[in-house]
Structure formats: C-alpha cells, structure tokens
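The values are calculated or read from the model by the stated rules, or taken from the named source; none is laboratory data. Remember, it's a predicted structure, so these values are computed and weren't measured experimentally. We place every Cβ from the backbone using ideal geometry, glycine too, and count neighbours over all the protein chains shown. Keep in mind that these areas ignore ligands, DNA and RNA; they rest on the heavy atoms of the full protein, side chains included. Shrake-Rupley method; radii C 1.70, N 1.55, O 1.52, S 1.80 Å.
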Amino acid sequence: MTRMLTIGAAQLGPIARTESRASAVARMIALLEKAAARGCRLVVFPELALTTFFPRWYEAELSAVDGWYEAEMPNADTQPLFDAAKRLGVGFYLGYAELTVEDGATHRYNTAILVDETGAIIGKYRKVHLPGHREDEPWRAFQHLEKRYFETGNLGFGAFKGFDGVMGMALCNDRRWPETYRVLALQGAEVMMLGYNTPMHYPPVPQHDHLQGFHNHLCMQAGAYQNGMWVVAVAKAGYEEGCELLGQSCIIAPTGEIVAMAGSQGDELITYDCDLDRTKEIKEHIFNFALHREPEAYRLITATKGPIPPA
Ligand code: CDT
C-alpha cells in the first residue's frame, strides 16, 4: 500500500522591513505555481511569512507593533494566495502574526494555519514555545522579543484530518522540544509542518553559532524517527535587516533521513513524494506506542515545568 502525498517546502529569502505583504504573497504564489507544476498537493511556507521578522526591534508600546499583525485571515493582501490555492488545487501551511479580540480583550499570537486544496482553512495552531525575551536588551546585536509580542498559544498541539492523512503543525522553536512531536504523534499525526526564522547568531551563547545548522536537523531528525512522522521544515532564510537567518529547509522521512534539502538562502522550492504509509514502518514496530510506551513512568513530564532534583 502507498498513500502518496507530494509536499513542497517553499523556502523564502529575506523580507525587507519595507516590503509589502502583497509582494511577499506574490513571491509565495510563484512558488505555489511551481509546486503545482511538480505535482504537489500541499506546500509549506515559513513562520511569519508575510513580513520581516519584526520581533528583532523593541517597541515600548505594544500598539506600535500592531501593524505587523493580521486581524483577519484571509484579508485583502492574502486573498490572492487563497485564490491561487483553489485555482491550482494545492493546499498550504502559512505562518503569520495574529491579532484577535476575544471577550473584549486583545490577544497577539504567532500563528500557523492549514488551508486545503479548495482554499478553506481546516486547522489553526498558535505557537506554544516562545523563545527570546520580554524587555529591551540593547547589548544584543539584535533583539528577539517573541515573549513580548506574543502570548503562549492557547490551542495546544492540534492534529487535523486533511490531504488523506493526519496533519500536525508547529512553529520554529517548537522543533527543539520533544514534547511537540510526541503530543502530535499521540493524535496520529503523520506529517509535522513547521516554519522557522532562526538567526545564525545566538547572542547569549555565541559559542554555539556554528552549530545552528546541526541543531536544526538534529532535533527534527530525532523527532521524525522517534514519532514515525514526516517532518517538513521551512525557513525564512538569508540576510534580513542585518540578521543572517539559517536556510537548510528540509523534508525528513519517518526513518529520520533528510530526503530533500534547500541549497540556497533565497526563495526556493524543494519537493518530495511522501508516502504516508511509510509512517507504519516506525509506528507499528520500534515505536509502537500502544505496545511499548509506559506513561506511568513519564508522569513528571506534565507534573512539573522545571527540574526537581533528588533530595
Ligand atoms: N523564531 C524562533 O522561534 N526562533 C528561535 C530562535 C532561538 S534564539 C532566541 C529558534 O528556536 O530557532
């Protein structure tokens, strides 16, 4: 048996601070058209794919950053992407900054949506693991203010039926946490889609700068294998507003093997024929959860946030 889903990982090069959303959307539509020509039914775009990575600049007032968020989805700028998806019969994952008013209160999330081949939104994810800091830290070469500009996602790690499979979403820093993959796999997720913006320079621990590419693949290859899922990880790459962002977008098989990888730092499409039934090679054998997991022994994982050393 095979259940083939051809997936595209649509890496974007840098987006300038002055670049319009309409321009970013036009770049994404060009990649979507290329993906359709290569037989893709699903394309994954990066995290915060409509704008530059704005958390690198400090603003004292949150209202000063509101222009970077989307209050509606789709909206006038993104509707052409939804129209292209419907016209081409290609669904997509898209990361963007979400501004929403719920019960009279304003909320800001780092969000991803899953859109099916008819252009309908079938899933939403709000980033759980927010890296960086809350206050201005001028000693850094650039800021990473996700903790200031976003609330912790309140939707959990949902899995969604679509594309004849079970699809999961995560965003950037989530890929470094094993819990992300496991919670998705426990819902039967067969594909984890993830967009990222990863600076090559990590100001608090610069001695790890040369390991950015290694750590990127290390955690995702392990996550794919240990959970028997395809991982499609897509960068916003290149030199963006004084910050070098990691590329190396990739598609990883459930065996943990990288089967496709971007070779540039710019707009680039990589594709792979992902057989969703290959997840069974792992899920029905070495990581057969129902047979081999011992949740009683893992209670600490949800019982505590930080470590509890022995007395
Ligand atoms: N966007 C994002 O989550 N980036 C982080 C940078 C970590 S350093 C603050 C990442 O994990 O790649």
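Some observations on this one:
- Within a Gaussian network of the chain (alpha carbon springs, distance under 10 Å), most fluctuating of ILE122, ILE270, ILE258: ILE122
- Spin-label pair LEU155/HIS107, simplified geometry with 7 Å Cα→Cβ offset, distance in nm: 1.0
- Counting only residues at least eight positions apart within a chain, or on another chain, the aspartates and glutamates with an alpha carbon under 18 Å from that of LYS280 are ASP164, GLU190, GLU257.
- Take every pair of alpha-carbon atoms less than 8 Å apart whose residues are at least six positions apart; their mean separation over the length of the range 4-303 yields a relative contact order of 21 percent.
- Working from label points 7 Å from Cα in the Cα-to-Cβ sense, the ALA222 to ASP77 distance is 3.7 nm.
- The range 4-303: C-alpha gyration tensor shape, a/c 1.5 cut-off, then a/b vs b/c: rounded
- For GLY195, the amide hydrogen comes within under 5 Å of the amide hydrogens of GLU47, ALA170, CYS172, VAL234, counting only partners 5 or more places away or on other chains and with H modelled in the peptide plane.
- Taking a straight Cα-Cα cut-off under 16 Å and skipping sequence neighbours fewer than 8 places away in the same chain, the lysines within cross-link reach of LYS124 are LYS161.
- If the chain linking HIS210 and ILE286 were pulled fully straight, counting 0.36 nm for each residue of separation and taking away their Cα-Cα distance, it would gain 24.1 nm.
- Nonpolar atom fraction for the chain, defined as the carbon and sulfur part of the 1.4 Å probe accessible area, stands at 55 percent.
- Choice from TYR125, TYR202, TYR181 showing the highest fluctuation, given a GNM over the chain with Cα pairs closer than 10 Å: TYR202
- Additional length obtainable on full extension of the chain from HIS201 to ASP273, 0.36 nm per residue less Cα span: 22.6 nm
- Surface analysis of the range 4-303 yields an accessible area of 41 Å² per residue, using protein heavy atoms and a 1.4 Å probe.
- Choice from ALA185, ALA16, ALA253 showing the highest fluctuation, given a GNM over the chain with Cα pairs closer than 10 Å: ALA16
- Helical content of the chain, expressed as a calculated mean residue ellipticity at 222 nm, amounts to -5500 deg cm²/dmol (DSSP H runs of 4 or more residues, -39,500 (n - 2.57) each, divided by residue number, nearest 500).
- Put simply, the amide H of ILE122, placed in the peptide plane, has neighbours under 5 Å in LEU114, VAL115, ASP116, leaving out anything fewer than 5 places away on its chain.
- Accessible area in the full protein assembly, largest first, 1.4 Å probe, for PHE160, PHE150: PHE160, PHE150
- Note on TYR239/GLU33: beta-carbon distance plugged into 1/(1 + (r/R0)^6) with R0 of 30 Å gives a FRET efficiency of 0.70.
- FRET efficiency estimate (nearest 0.05) - Cβ-Cβ, SER23 to GLU179, R0 51 angstrom: 0.90
- Helix runs (DSSP H) in the chain reaching 20 Å along axis by Cα, Kyte-Doolittle at least 0.5: 21-37
- Length released on extending from ALA120 to LEU62, taking residue separation times 0.36 nm less the Cα-Cα span: 17.8 nm
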